[in-house]
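Here is the structure we will look at.
Please treat every number below as a calculation from the coordinates, not as lab data. Values in this document were obtained by computation on a predicted structure and should not be read as measured data. When we count neighbours, we look across all protein chains shown, and the Cβ atoms used for this are built from the backbone with ideal geometry, even at glycine.
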Amino acid sequence: MQPRHFLSLCDLKREELTALIQSASDLKLRYRQGHQNTSLAGAVLAMIFEKSSTRTRVSFEAGMAQLGGSALFLSPNDTQLGRGEPIPDTARVISSMVDIVMIRTFHQADIELFAEYSSVPVINALSDDYHPCQLLADLQTYSEHRGSITGKTVAWIGDGNNMCQSWINASTLLDFNLNIACPEGYDPSGELLERAGSRVSLNRQPAAAIDGADLVTTDVFASMGQEAEQKLRLKKFKGFCVNHMLMSTAADDALFMHCLPAHRGEEVSAELLEDSAISVVWDEAENRLHAQKALMLFLLNRR
Ligand code: CP
Ligand code: NVA
């Protein structure tokens, strides 16, 4: 049987995504009540990281341990992948020894190539194009605070990056409006926008995108791999710092999210990030743990 992969949110049907979010919240509750779930006893997760991480590494590793399994951290400094061993060879070897693999790397095509040769499920733990694991946690967080996101309006402010593109995928799957505000030259993929249709709008003014939004979200101006552009981007993204003033035209009960790490004073003001009446960033980060536990159980067909 072909393994089930999670390379972008589009690998899930709408009902599967909704069930996954619910299962993440259920797992969280049971974990907090002290119930043990060792459904993945003996299972091994290989974690391939070609970029830095705090949340993703800790949540996958801790999540696997809590489910009775174990996780291997593999950096390019330690594996032959870093010395040029082809991805198809690495995928066949690693997947013959472990039960599930997660990869954080630059090119989406590399994760897809790995998955093509892997005999076990492969999870995209961030590429230049998508960050679907973060979206699972974000959707779980919205649902826990405000209920269903279907029919609501989300505002994306800033770079048309991997997070923005995952929000586009989510809007199609869960049928909500997405207002994107990016400076010119930093738009998400035109093809993705076209496929999403009228649900997703693109403009240049953060205030216009935020007007009436139920959720406002942003991310760093320069993602991992774009460090050399940081100075230029600071100039180009002037006016894109989400703060209390910009949030004032959002819906009365609007939430603020950020996948973290955050650069205070750049894409978000320190005051807004720390305003627990609006900002749910710490819940969002914690939910990475529960959402990914639900994801691994789903991909491995366990409960
Ligand atoms: N949000 C997120 O993926 O964080 P890390 O880079 O710390 O894993
Ligand atoms: N867009 C950011 C997300 C980090 C979690 C990056 O790719 O660096």
Would you mind telling me which residue in 113, 255, 27 has the biggest mean-square fluctuation in a Gaussian network model of the chain, where springs connect alpha carbons within a distance under 10 angstrom?
113
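For the ranges 289-299, 53-63, what's the packing order if you count other beta-carbon atoms within 10 Å of each residue, average per peptide, and put the highest first? Don't skip to the end; give the middle numbers.
Numbers: 289-299: 23.9, 53-63: 18.8.
By packing density, highest mean first, the sequence is 289-299, 53-63.
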Report, in deg cm²/dmol and to the nearest 500, the calculated mean residue ellipticity at 222 nm for the chain, where each DSSP H run with n ≥ 4 adds -39500 (n - 2.57) and the sum is divided by the residue count.
-12000 deg cm²/dmol
To check my understanding: the extent here is largest minus smallest coordinate of the Cα atoms along each principal axis. What are those three numbers for segment 1-146, in Å, largest first?
46, 33, 30
Taking Rh as the Kirkwood radius, which is the inverse of the mean 1/r over Cα pairs, what is the Rg/Rh value for segment 134-187?
0.98
Contact order relative to length of the chain, as percent, for alpha carbon pairs under 8 angstrom and 6 or more apart:
20
Could you point to the residue in 247, 265, 234 farthest towards the positive end of segment 220-303's charge dipole, with +1 and -1 charges on the Cβ of Lys/Arg and Asp/Glu respectively?
234
Relative to the Cα centre, what is the charge dipole magnitude of segment 158-251, using +1 at the beta carbon of each Lys and Arg, -1 at the beta carbon of each Asp and Glu, and rounding to the nearest 20 debye?
300
Computed magnitude of the charge dipole of the chain (debye, nearest 20; Cβ of K, R +1, Cβ of D, E -1):
500
Out of all DSSP beta bridges with both ends in the chain, state the antiparallel percent to the nearest 5.
0
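What number do you get for segment 1-51 when its Cα radius of gyration is normalised by 2.2 N^0.38 Å, N = residues?
Dividing the Cα Rg of segment 1-51 by 2.2 N^0.38 Å gives 1.45.
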Just want to confirm a number: the relative contact order over segment 121-261, from Cα pairs under 8 angstrom separated by 6+ residues, in percent.
24
Applying a 10 Å radius around every beta-carbon, put 258-269, 99-110 in order of their mean neighbour count, most first.
99-110, 258-269
Packing-wise, with mean Cβ within 10 Å as the measure, how do 152-160, 179-187 rank, highest first?
152-160, 179-187
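In the neighborhood of residue 56, defined by Cβ-to-Cβ distances under 9 Å, what is the net charge if each Lys or Arg adds +1 and each Asp or Glu adds -1?
On the way: positive: 55, 57, 104, 288; negative: none.
Counting the neighbours of residue 56, the net charge comes to +4.
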All-pairs alpha carbon distance profile, the chain, 10 Å steps from 0, percent
6, 29, 35, 23, 7, 0
Stokes-Einstein D for segment 166-219 (20 °C, 1.002 mPa s, Kirkwood Rh from Cα pairs), in µm²/s, comes to 187
Could you work out the relative contact order of segment 13-77? I mean the mean sequence separation of Cα pairs under 8 Å and 6+ apart, divided by the number of residues, in percent.
37
How long are the semi-axes of the equivalent ellipsoid of segment 76-175, taking √(5λ) for every eigenvalue λ of the Cα gyration tensor, in whole Å from largest down?
32, 15, 11
In this model, which of 152/236; 51/231; 13/293; 51/293 are farther than 25 Å apart at the alpha-carbon?
152/236
